[in-house]
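One structure is given below, encoded as structure tokens.
Every number in this text was worked out from the coordinates using simple rules, so none of it is lab data. This is a predicted model, so every value here is computed, not measured. Neighbour counts are summed over all protein chains in view; Cβ atoms, including those assigned to glycine, are modelled from backbone coordinates with ideal geometry.
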Amino acid sequence: MSEPILTLAGLDAFYGDFQALFGVDLTVSEGEVLAIIGANGAGKTTLLRSISGLIGNKADQVQFRGASIGAERPDVIAQMGLAMVPEGRQLFPSLSVEENLMIGGRVNRKGPWNLQKVFDLFPILEERKAQASTSLSGGQQQMVAIGRALMANPDLIMFDEISLGLAPVIIRDIYKALPGIVGGGMSAVIVEQDITKALEVSSRVYCLQEGRVSLEGKSDAVSREDIARAYFGVE
Amino acid sequence: MTQILQLDGLSKAFGAVTVADSLSYTLKEGEALGVLGPNGAGKTSMFNLITGTLQPNSGHITFAGEDITSRSAAHRSRSGIARSFQVPQPFTHMTVFENAMVAATQSAGLRGHEAERLCIDVLEQTELLDKANDRAGGLTLLNRKRLELTRALCAKPRLLLLDEIAGGLTEAECTSLIATIKSIHASGVSIIWIEHVVHALMAVVERLIVIDFGRKIAEGEPKAIMDSPEVQAIYLGIEADV
Amino acid sequence: MKTDIRISRTSNAAKVAAILAALIVVILIAAPYWAGRADLRLMGEIFLYLALASLWNLLAGYAGLVSVGQQAYVGFGGYMLFALTIFAGLPPLVAIALAGVLGALISIPVAALIFRLRGAYFAIGTWVMAEVFRLSFAQVSALGGGSGTSLPTDIVRSMADGRSEREALAYWLALGAALFVVTTVYLMLRSRKGLALTAIRDNELASASLGIDIWRTKFVVYVVTSGLTAVIGALIFLQKLRISPDAAFSVNDWTAFVIFIVVIGGIGTIEGPIIGTLIFFLLRETLADLGTIYLMVLGLVAIVVMLKAPQGVWGFISQRFNLQLFPLGYRVERHKDS
Amino acid sequence: MDFLNAVVQGTLLGGLYALFAAGLSLIFGVMRLVNIAHGDLIVLAAYLGLTTTVVLGVHPVVALIVVVPAMAGIGYCLQRGVLNHTLGDDILPPLLVTFGLSVIIQNALLEGYSADPQKMDAGALETASVALGPLSLGVLPLLTFAIAVAVIAGLQWVFYRTPLGRAFRATSDNQDIAQLMGLNKRHVFGMAMALSLAVTAVAGILLGIRTSFDPSVGGGRLIFGFEAVIIGGLGNLWGTLVGGVILGVAQTVGATINPGWQLLAGHIAFLVILAVRPNGLFPRISG
Amino acid sequence: QTPTLRVGHVSPRTGPLAGFAEADDYVLGAIQDHFSTGIENNGKTWNIEIISKDSQSNPNRAAEVAADLILGDEVDIIVAASTPDTVNPVSDQAEINEVPCITTDCPWQPYFFGRNGVPGQGFDYTYHFFWGLEDVIAAFLDMWDSSGVAKVVGGLFPNDADGNAWGDAELGLPKPLAAAGYDLTDPGRYQPLNDDFSNYINAFKEVGAEIVTGNMIAPDFATFWAQAAQQGFNPKIVTIGKALLFPSVIESLGDRGDGLSSEVWWSPNHPFNSSLTGASSKELADGYTAASGRPWTQPIGFKHALFEVVADVVKRAADLEDYESIAAAIPETKLDTIVGPVDWSNGPINNVTKTPLVAGQWQKEGDAFDLKIVANSHAPEIATTGELRLL
Ligand SMILES: Nc1ncnc2c1ncn2[C@@H]1O[C@H](COP(=O)(O)OP(=O)(O)OP(=O)(O)O)[C@@H](O)[C@H]1O
Ligand SMILES: Nc1ncnc2c1ncn2[C@@H]1O[C@H](COP(=O)(O)OP(=O)(O)OP(=O)(O)O)[C@@H](O)[C@H]1O
Ligand SMILES: [Mg+2]
Ligand SMILES: [Mg+2]
């Protein structure tokens, strides 16, 4: 296995005095696709928010490319090459499709992705580029959200609930695009409710339960029973 | 049995997202109904429509003989509809006991010792009595969900709406939760229960509906529903040989 | 072994505080017999500000209605005192009470309009309302228009015979108003309505789903607060003897300073306004002669407190020592009987 | 004729109000900040302009070259040093902090410049006029109106056509996600305040030419600014201009009925509009 | 041991009215120096302690500090000056708290009627010396009559204490102006800090007004005056009370300040001397300019005179320990002060006495403006220093 690009060491996370994550340890290797699964409210989104800096942590609880970033500001972390496709897409409603993509490119990192490349990946977006982002269908919005993250040319991209609320056909399209995205050596973390899909695209999987890692393993090696147990704590 | 709740062609959309699409069904007094559907199907939104946190674009809701479509959430609560929130909504700066008291005094309309007595009893039943003096903001997720149930029960509901309260429970906890809900049901309270933990649901409900994209796609006896290939495909993600 | 569960609504600290408070109140009631005229007047003013602050705290800290227009009711109450005594010939005490009733009444249509606004819009709406009050009273020439008018000395003299009796009466009225307001706020918050208010402040979504009519609850608080604020306004201008639109509807004197008091003391607590009032007057009495410097210090204190201790002085203390002098909550106590 | 004159003069007055309001509208739209000190900042700008004209002996309009960057710098520092720490769901902290600022600015000006009314001498510009049919219009009010339109058009251009504007809109839509795009929200807010106070500088200079000012006149102007912003709808800059004009016209028309109703008429117009449309006439986002 | 008599003083040191109090430090300093040896009363020397407080130009605050002085510092006499917003609240507090009070620098009508005074009854403890609206009208007419302009006047009165008094249909300008054959156009009371005077200008233009008069605060006048030019309204005489008192205001108007006129209550040319120091008006004014580097202003004389009256009352009071006795000494004053004679026995109404008033015009001489006295027929002892020029 190659060098870890991201390491979490004993990560705790809080919302006020409510603790949502308890000592999570996790690594992502260079070029790997990692899946994170878990029930509603298990803490998956919280985990991604902690990594991306939206929730402040202790500096050394999150290491990215050897730097301790746990206490960094989110914009600094973004500049370092960590991008996120947030849960529920969260496009900027006052920005057009093209502007949403352009704002993703603000960090100005060198790399293969640019506006044209994103349009090549999702041709429908080029047709709609001047439209308000809210007028798109859910699937198209998800494409914008992904394109927006890619525009930053990140080293590690994180997807939160990549297929949530999307029709099966669209989910299929999105997943079809995935290899083209992570193929170029980019590492990825994918949070997914659909376990079958999650296992299919990832090399390793973590399961969270109530803010703790309840399972970790190679995606092709974990069994359905393991997952069911890890998911609900069902014995 | 008389009917207690009737949804009649209920529709609601947020821009392009349709969360309720001509939704209609009836619930009989004392009945327990299970609701299934994939994430984002509109299940929670349906509860929001019934409790009045959302206003439908069209359609009607009748509760206990009264058309409540345009009544306030508060009115609906006082007339006997109680719910638990999927994402718990505790009064974070109040203690657990005070959270319960809000429901007992405001919704159930009880006063003084009567209200306090009810809260104590319910807290005992939901195993939160030990935490009665804790600030609700500091509870773990599990206890927050228990608090949701506690508050709903302290409102002395005729209709109880439960939104994913079994998620994340251990087997033992799940069993005791099922027992609790069964006993609530046995006391004559009508129940609608959204749950992904299917076996828990199956242990309690008498009827099941399945929702996808805001549409009711199946309704009927639980076992039959679970066995239908359509439900298997949509809900469990088991794709029938594509 | 069987456990016996009791619900307690008080604490030892609160019991001690209550005894102390009773003692202090007795001493304060006797003030006309031990304090000088100046102290009496200063204390009277402190009580009136305490009352205003407690009311604003109820409005903003509990009902979430951040109003910067409460001077509308202070001024309205003051003007009603003048109008009712000068034109209707009512005795001042009756006029003060009636000013409260009228204040509550006029706040009803006002609420109907500004309750359509939220957050910052609401705040600005209340301010505009107060301006409308100010400009409207400036058009009433019977009350002196923009120049204002003085309370005829006969009316003031009719309240009590002799200067010191009158001063004592004014003092007791102020003390009584402060006690009444603080007690009312305390009892209201301990009641069912208070539980509803606290719940609304925490989470409106959950409150509505638990049977709380949010609009009505806030409306009632607004009307009650406005009525009482008008009473305080009448008392204030009974002391001042002269009223003019700019003085009566001064946003600085009746709202900004009051907000300052509440926020410094600790918003959303009953103790906060009390502490805040004491701090405010401490600053004022020591620095007011510095003029501009005093006001700059006041501004600076407001900024520093907001940035460093947004929960205010009392919030800080009560968190530190887990102290509550006016217990509002419930504690579940278990006694083990064998 | 009376009426026509009232409407025209009111429209021009509205330009001044819109200028007072444009900066408020900008920061209100971008970060939901209610800046109570805005009126005093306008007065501060007027004093800076006065000092510049006196020290450098230049025309007030030329003083803009100094005052605009100075105010922008003050705005940026103010935002990063103080106001950023007050932002959140609660509207009280910014309210109280900017109130504190307002008191400090007012009294510091009083210390520095005394309470004497001051005025900037713009020479012939102050009294020049052009005839338009039966009406005689002051060049200064016309210029003010034109500048208001230009400033708003400029802000609109920045807002909708530049990367900075994109950053404003994105941060205003969703602060968290904007940060994930590498935007430092503190810096973005700082820039918004800088821009807002740059506009304030223009407003302050024009105010100082139009009328005499002293440290206490800021508060009275502020409320018109807020009204214009709210009438126009949150974050809608052209709406702010319309709001200013509505206020101006309501005031001058009210004054022809009875001068005592001048200000009252403006406030009443504001309340009526709110009663009918609580989100203003042209809300960009429901707020 | 010498007993101490405390004198409370309230004035607007800060805020929009601060111009009125800008010479306080100088005047009070000089008075205190003079009082340092004490004042003799019934063969006994009394120390005089002056305690001065700031009303912040706010009537609320004025009432508060007056009460502080009376109740806290327990002053034996309270004095106040500068506009009804300071004078009235202080007097009200004094009256109700039974403390002798002397005030000035506010026309007597807003003082007396603004406090709901009843003619023939008056007040028990509060006394006032200044001039009245009848004097200002007389002085204005005196100035206008000689100018030869059309007798069409535009009136600008704000809705504040001064404006309401000046514009009052019964007691203010309208009646005497009409009696003197002037045609007054008064569109109504505007709210102070007005941003637009178009409707006034329009109304004045329509009737062809050649004279503009009124009582305004400086910012409002500046707005009006600029708009008048923009909208092509060019009156020949502009005589405004209050706003045009101070040289700083005139200077801030630049060339447009030249030729504006106003009432003159006191100037270095007034032929009166201080009963305390013997200094002439010119010496007092020059003293201030030398000490502060600023031009003289009219309130200087009256502030000085206020303490002249205090000193005189202190000397004469039968029993300084008794407030009733001090109060009784005030109406018996017959004193020639630096602003003219103060004698309550010949006042126009209870508790009020008047000092002479003339009219003046600001005229530019070189770089500086000088307030020339241009009409004096009602107070011929005050010599004119210039001729009225039309704008
Ligand atoms: N802003 C917040 N304030 C308080 N608690 C929060 C907040 N956001 C999330 N939580 C709580 O933190 C816990 C973890 O939430 P998180 O959103 O990380 O779960 P998740 O695994 O992403 O769930 P889902 O599948 O529903 O997206 C939940 O109990 C949730 O209620
Ligand atoms: N206030 C809202 N505004 C816009 N969209 C909304 C709103 N509330 C819900 N939605 C959208 O409506 C859809 C249905 O949401 P809902 O919460 O009802 O789903 P659900 O069936 O309860 O899903 P889950 O099983 O994940 O809880 C989702 O796509 C959600 O994003
Ligand atoms: Mg999530
Ligand atoms: Mg749901």
Prolate/oblate/rounded label for the range C:208-338 (Cα gyration tensor, a/c 1.5):
oblate
Please list, by residue number, everything in the range C:59-94 whose backbone N is under 20 Å from a paramagnetic label point 7 Å out along Cα→Cβ of C:Arg216.
C:63-65
What value in Å³ per residue do you get for the convex hull of the alpha-carbon atoms in the range E:146-204?
93
Report the rotationally averaged projected area of chain E based on its alpha-carbon convex hull, in square nanometres.
18.0
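Which whole-number percentage describes the relative contact order of the range B:90-155, with Cα contacts under 8 Å and a sequence gap of 6 or more?
51
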Run through all the Cα pairs of the range C:75-192 and give the fraction in each 10 Å bin from 0, expressed as whole percent.
11, 30, 35, 19, 4, 0
At each listed q (0.09, 0.15, 0.16, 0.20 Å⁻¹), what is the log10 of I(q)/I(0) that the Debye formula gives for the range E:212-359 modelled as equal alpha-carbon point scatterers?
-0.40, -0.87, -0.93, -1.17
For the protein assembly as shown, give me the percentage of DSSP beta bridges that are antiparallel, rounded to the nearest 5 percent.
50
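Is there a simple number for the mean count of other chain Cβ atoms within 10 Å of the Cβ of residues in E:212-220, and what is it? Please report the intermediate quantities before stating the final value.
Values: counts 0, 0, 0, 0, 0, 3, 8, 10, 3.
Other-chain Cβ atoms within 10 Å of each residue's Cβ, averaged: 3.
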So for the range B:18-93, taking the charge dipole from beta-carbon charges (+1 Lys/Arg, -1 Asp/Glu), which of B:Gly65, B:Thr92, B:Thr26 sits furthest toward the positive end?
B:Thr92
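Find the Rg to Rh ratio for the range C:85-150, where Rh is the Kirkwood radius over alpha-carbon pairs and Rg uses the same atoms. List each step's numbers first, then the result.
Details: Rg = 14.7 Å, Rh = 13.8 Å.
Rounded to two decimals, Rg/Rh equals 1.07.
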Counting alpha carbon pairs within less than 8 Å and at least 6 residues apart, what relative contact order, in whole percent, applies to chain D?
36
Average other protein chain Cβ within 10 Å of Cβ, residues B:141-151:
2
Along the principal axes of its C-alpha atoms, what lengths does the range B:90-155 span, in descending order and rounded to whole Å?
29, 22, 17
Could you give the size of the charge dipole of chain C about its Cα centre, using +1 on the Cβ of each K and R and -1 on the Cβ of each D and E, expressed in debye and rounded to the nearest 20?
880
Could you tell me the largest-minus-smallest coordinate of the C-alpha atoms of chain D on each of the three principal axes, in descending order and whole angstroms?
59, 49, 33
What average count of beta carbons from other chains do you get within 10 Å of the Cβ of residues in C:147-159?
5
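Roughly how many debye, to the nearest 20, is the charge dipole of the range B:90-155 about its Cα centre, given +1 on each Lys and Arg Cβ, -1 on each Asp and Glu Cβ, and no other charges?
220
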Ranked by GNM mean-square fluctuation in chain D (Cα springs under 10 Å), the top entry among D:Val58, D:Val253, D:Val276 is D:Val276
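Taking a threshold of 18 Å on the Cα-Cα distance, which of the pairs C:Lys193/C:Lys218; A:Lys197/A:Lys218; A:Lys197/B:Lys216; B:Lys28/B:Lys223 fall above it?
Values: C:Lys193/C:Lys218 10 Å; A:Lys197/A:Lys218 14 Å; A:Lys197/B:Lys216 25 Å; B:Lys28/B:Lys223 20 Å.
Result: A:Lys197/B:Lys216; B:Lys28/B:Lys223 exceed 18 Å.
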Over the C-alpha atoms of the protein assembly as shown, what are the Rg and the largest Cα-to-Cα span, Dmax, in Å?
37.2, 123
Treating the Cα atoms of chain C as identical point scatterers in vacuum, please give the log10 of the normalised Debye intensity I(q)/I(0) at q = 0.09, 0.15 Å⁻¹, two decimals.
-0.51, -1.36
Pairs to check: A:Lys129/D:Lys185; E:Lys205/E:Lys354; C:Lys240/D:Lys119; E:Lys53/E:Lys354; A:Lys44/B:Lys12; E:Lys151/E:Lys364. Give those whose C-alpha atoms are more than 32 Å from each other in this structure.
E:Lys205/E:Lys354; C:Lys240/D:Lys119
Let me check against my output: what whole-number percent is the relative contact order of the range D:175-267, with C-alpha pairs under 8 Å and at least 6 apart?
13
Choose one answer from A:Asp17, A:Asp173, A:Asp194: the residue with the largest mean-square fluctuation in a GNM of chain A with alpha-carbon springs under 10 Å.
A:Asp17
Can you tell me the order of D:31-39, B:74-82, C:46-54, D:195-203 when each peptide is scored by its average per-residue count of other Cβ atoms within 10 angstrom, highest first?
D:195-203, C:46-54, D:31-39, B:74-82
Consider a paramagnetic label point 7 Å from the Cα of B:Thr140 along Cα→Cβ; state which residues of the range A:3-46 have an amide N under 17 Å from it.
A:12-15, A:17-24, A:39-44
Cα radius of gyration and Dmax for chain A (Å):
17.1, 53
Relative to chain C, whose Cα atoms define the longest principal axis, helix C:292-308 and its Cα axis are tilted in degrees, nearest 10, by 20
Taking every pair of distinct Cα atoms and averaging 1/r, then inverting, what Kirkwood hydrodynamic radius in Å comes out for the range A:135-202?
12.3
Using the alpha-carbon centroid of each, what span in Å lies between the range B:208-226 and the range E:58-111?
83
Magnitude of the charge dipole, chain A, Cβ model with Lys/Arg +1 and Asp/Glu -1, debye to 20
500
Using +1 at the C-beta of Lys and Arg and -1 at the C-beta of Asp and Glu, which of D:Ile42, D:Ala167, D:Leu109 has the Cα lying farthest in the positive direction of the dipole of chain D?
D:Ala167
Going by Cα centres, the range D:42-83 and the range C:1-74 are how many Å apart?
46
Which of E:Ala81, E:Leu177, E:Val313 sits farthest toward the positive end of the charge dipole of chain E, with +1 on the Cβ of Lys and Arg and -1 on the Cβ of Asp and Glu?
E:Leu177
Kirkwood radius from Cα pairs of the range A:1-110 plugged into Stokes-Einstein at 20 °C, 1.002 mPa s, gives D in µm²/s equal to 142
If one computes the Cα centroid of the range A:74-110 and of the range E:282-320, what distance in Å separates the two points?
73
Could you give the length gained on full extension between E:Ala290 and E:Ala178, defined as 0.36 nm per residue of separation minus the Cα-Cα distance, in nm?
35.8 nm
Cut-off 10 angstrom, C-alpha nodes, Gaussian network model of chain A. Which of A:Asn57, A:Asn40, A:Asn100 fluctuates the most?
A:Asn40
What's the FRET efficiency of A:Phe22 with B:Arg71 using the Cβ-Cβ distance as r and R₀ = 45 Å, to the nearest 0.05?
0.55
